[in-house]
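Comments concern the structure below.
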Amino acid sequence: MSVATEFRQGAETAIEDTVWKTVHRVVFPVDGDTDTLPLYVDFDAARRVVDTTDAGAKRAATATSQLVSQRSELRSDFVLDRRRLSLPSHRRVSFGTYFNAFPASYWRSHTDVQQVRLSIEVDAEATVIVYKSSPRGSSNRVQSIHLREGTTATCDLSLMSFADGGWYWFDLVAHGKDVTLNRADWSVPEPKDFTPGSLSIAVTTFNRPDYCVKHLRTFAESDELLAVMDRLIVTDQGNQKVRDEAGFDEAAAVLGDKFKLIEQGNLGGSGGFARGMHEAVQGGQSKYVMLLDDDVVVETEGVLRAVNFADFTRSATIVGGHMFNLFERSVIHNFGERINEYRFQYEPIGEGQIAHDFAASNLRTTPWMHRRIDVDYNGWWMCLIPTSIIKEIGLALPVFIKWDDVEYGVRAKANGYTTVSLPGAAVWHMPWTEKDDTIDWQAYYHQRNRWVAALLYSQYEKGGRLPIESFLQDVRHLLSLQYSAVELRNRALKDLLDGPSHLHRTIGGKLPEIRQIRAGFPDAQVTKDITEFPPVKRVHLPKFGRVPSRPKNIVQTLSSALSGAVRQLRPVEPATTRNPEAVVPAADARWWRLSHLDSALVSASDGTGASWYRRDNVRFRKQLLRSLTLHARVLARWDELSAAYKGELSQFTSPNAWRKTFESMSEREPEQQKPNQ
C-alpha cells in the first residue's frame, strides 16, 4: 500500500458527522517585505534542531548556523497572495515557522481538543512531509504524503503527546513542475454544543492619529475580522484628534456601526483600556474584548487565532499575543513573562528568549522555542480578555501607566484564571528599548505601581526583596546624578502612604505635576543641539589615567560604590558648574561612571539630544535621607497599607468608580504634550 493510499484512508476513517473548525490558516505577507518573510516561510535546507547546552552541541549549532547563513534564500516572489505560494520545480520550503506552524502543546494544555486536521490544496504533483517536535526541540517525521495535480488532502494528527511542548508543521516539495499551494490550514473538531464568540477591539491612543486610522483601515479591509468583530472602540485621549486625520471618514464609514470613537481627558493607558473594557461589557454583545496599543502593526490572522483559541479553552482564559520589533521585523520581544515574587518584579521567562531573531534562527533550529512557556500575564499591546472575567474581577487598576497589564494578569491568576501567550498571534510594536523610561516622567509610575501591586499580592513578609531593591535603586540614581528620578520616586512613596483613595483622585492630574517637578532638574532638561553647551574641561583627572569601567565582582562593586558615595558628600568645585567634565554616551551613563564626575554631558537614550548632569552634594544628602525615611515608613505600615489596598481593590477597579472618573474627565481639555516626553 502506498503512502498516499494510507493517507487517503486515514482521512476517510474520520467520523463523518464531525464538524471541523478552522482555527489556524497558513498565511503569507503580501507586501514583499523580506524582513517579515522568515516568520512565515523557511527556505533553509538545514532542518536539524540541536540542544546548545553542551560543548559538542554548541559546535554543531555553530556549524548549522554557518550552513543556514550560506543556504538561506528569501524569495518574496514565491508569495502570490495572502493564502497562496508558488514553488518552482525541484524546490522545497518549510512552514515550520512562527506564524504557520501549529502550536500543538498550547492546544493540548489549555483545551480538550485531542486531534488537529491539516488540510492542503495544491495544483500540481508535490510531496508534503509532516513533522512534529518534542519539548527538547528534536523534530520527528510523522508522515510523507504524495499529492497529485489538483489534490485536496487532509491528515488527522493526535495532540496527546504534547504535554510539555512541541509543534506540528509541514514542508512542501515540488516535483518536476512548478506547484502552487492554494491553501493550507489547521482545524479541530467542534463540540456538539459549540458556540463561537465575538469580540470588541479596544484601542487607546494619545496623539497618534495616523496609527489609529491605519487600524481602522486594517479592520475595515478584513472580511474575516469583521465577521467576528462587534465593535472597534477607539478611546482618544490626545489633542491631535483621530477624527481630524486624513482617511478617517472613509474608514469609519466602512466600519459603520461597528466603530465607536470616544474622546476623553488623558487617563493614560490604564484609563483608556479601562474605558474600552467598560464599553465592551456595557455593550453586552461581545464574549471577548481585545486590547490593542495604538502604535502597532497588526497581523490580522493572529486576532482570529486568539479568538478561536479562546473559544476552545476549558474555562475562560486570557489570550495574549507576542510583540515583534517594528524596526527589526523578525525580532521578537520575548516569548513570555512572569513575576519574580521575591523581588516582585516582572521579567522574561528564560534567558534565550529575549530579542530572538527568527531570521538568524528559525523555529526548527531553536530548541527552547519548542518547550511550552506558561506565563503570569501578557502585555496589553495585544491581549484578549473574556468579558466574563472583567465582570467578575473588575476593570484595570487606576494607575495611569505601567503595571496595569501585569497587575491584571496577576489578579486574574489569583481568581483562578489563566493567561496564555499564544504563538502565532502577534503584533509589531515600536520598541521602548531605545528609551530609558526609569529616569523620565515614568519613574513615578514605575515606583508607585510596583509597590501597589506588591501590597496587593506579595506573599513574602514586607514584600521580600522589594524594599531593599527599591532603596538601592534610589542610591544608584543618586550616584548617577539623576536627581529628578529620585525626586519622583520619593513622591511616589509619599502618595502610596496616602492609601488607595489617591489612585482615582490623582489619575487625571498627576502627570502635569510630575512634568513641572522634573523641569527644575538639570538632568531632566534635554538640549537638542549639543554645541550649545560650554566646552568640556576636566577639573579632576581620573586616577592612574583610567576611566571607570563596570565592576567585575562584588569587591570592585563595593569599592566603586563607596568611593563614589564619598565623593557625593564633598563640596562641588565651582569650575565644574561652568563647564562639563566629560561627554558620556547613554550606554555608559551608569553609576560606576557618573559617580566619579562632578558634571557631564549625557546623551539621551533615544539619541535626540543631551542633558548636563551636575553633582549637587546638598541635594544628594537630602534625597538620600528622604528616600531612607519614606522606605522605613512604608515598611513600618506594610500590614496596614496592604490590608487597605486589598480591601479597596474591588471598589477602585469597579465600573462605578471608573465611571465617575470618566465623567470627570469627559470635558477636560487634553494635555498638550507628547506621551513619551
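Please treat every number below as a calculation from the coordinates, not as lab data. Quick caveat: nothing in here was measured; it's all calculated off a predicted structure. Counting neighbours? That spans all protein chains shown, and the Cβs are built from the backbone with ideal geometry, glycine included.
Data overview
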read-out	value
Residues with amide H under 5 Å from that of PHE170, placed H, sequence gap 5 or more	PHE95, GLY96, TYR131
Mean separation of Cα contacts under 8 Å, 6 or more apart, over the residue count of the chain: relative contact order %	13
Spin-label zone in the stretch 82-99 - amide nitrogen under 19 Å from a point set 7 Å from the Cα of ASN182 along the C-beta vector	82-89
Loop GluC sites (Glu not before Pro), the stretch 199-245, which have at most 15 other Cβ atoms in a 10 Å radius of their Cβ (DSSP)	GLU221
5 angstrom amide H check on VAL26, placed H, neighbours 5+ away	ALA184, ASP185, TRP186
Size of the stretch 443-636 as Cα extents on the principal axes (Å, biggest first)	51, 39, 29
Residues MET382, MET229, sorted so that the one with the fewest Cβ neighbours within 10 Å comes first	MET229, MET382
Förster radius 60 Å - calculated FRET efficiency between ARG91 and THR531, Cβ distance, rounded to 0.05	0.60
Anisotropy class of the stretch 554-616 from Cα gyration tensor, a/c 1.5 cut	oblate
Under-5 Å amide H pairs with LEU232, H placed in peptide plane, nonlocal only	ILE201, PHE259, LYS260
DSSP bridge orientation in the chain - percent antiparallel, rounded to nearest 5	70
For the stretch 19-38 and the stretch 524-547, distance of Cα centres in Å	51
Among 173-180, 504-511, 593-600, the order from most to least packed when residues are scored by Cβ within 10 Å on average	593-600, 504-511, 173-180
Those aspartates and glutamates that a straight Cα-Cα span of less than 17 Å connects to LYS552, excepting residues fewer than 8 apart in one chain	ASP588
Gyration tensor (alpha-carbon) shape descriptor, the stretch 111-195, a/c threshold 1.5	oblate
Cut-off 18 Å, label 7 Å out along Cα→Cβ of SER161, residues of the stretch 88-115 by amide N	102-109, 114-115
Above-threshold pairs, the threshold being 24 Å between Cα atoms, out of LYS402/LYS494; LYS435/LYS660; LYS21/LYS132; LYS258/LYS391; LYS391/LYS413	LYS435/LYS660
Whole-angstrom Cα spans of the stretch 412-497 along principal axes, big to small	44, 36, 20
Sparse-neighbourhood loop sites, chymotrypsin sites (Phe, Trp or Tyr not before Pro) in the stretch 243-327 - DSSP loop, at most 13 other Cβ within 10 angstrom	PHE327
Total formal charge among the other residues, if their Cβ is under 13 angstrom from that of ARG372, Lys/Arg +1 and Asp/Glu -1	+1
Residue-averaged [θ]222 nm for the chain, counting only DSSP H segments that reach four residues, each worth -39500 (n - 2.57)	-10500 deg cm²/dmol
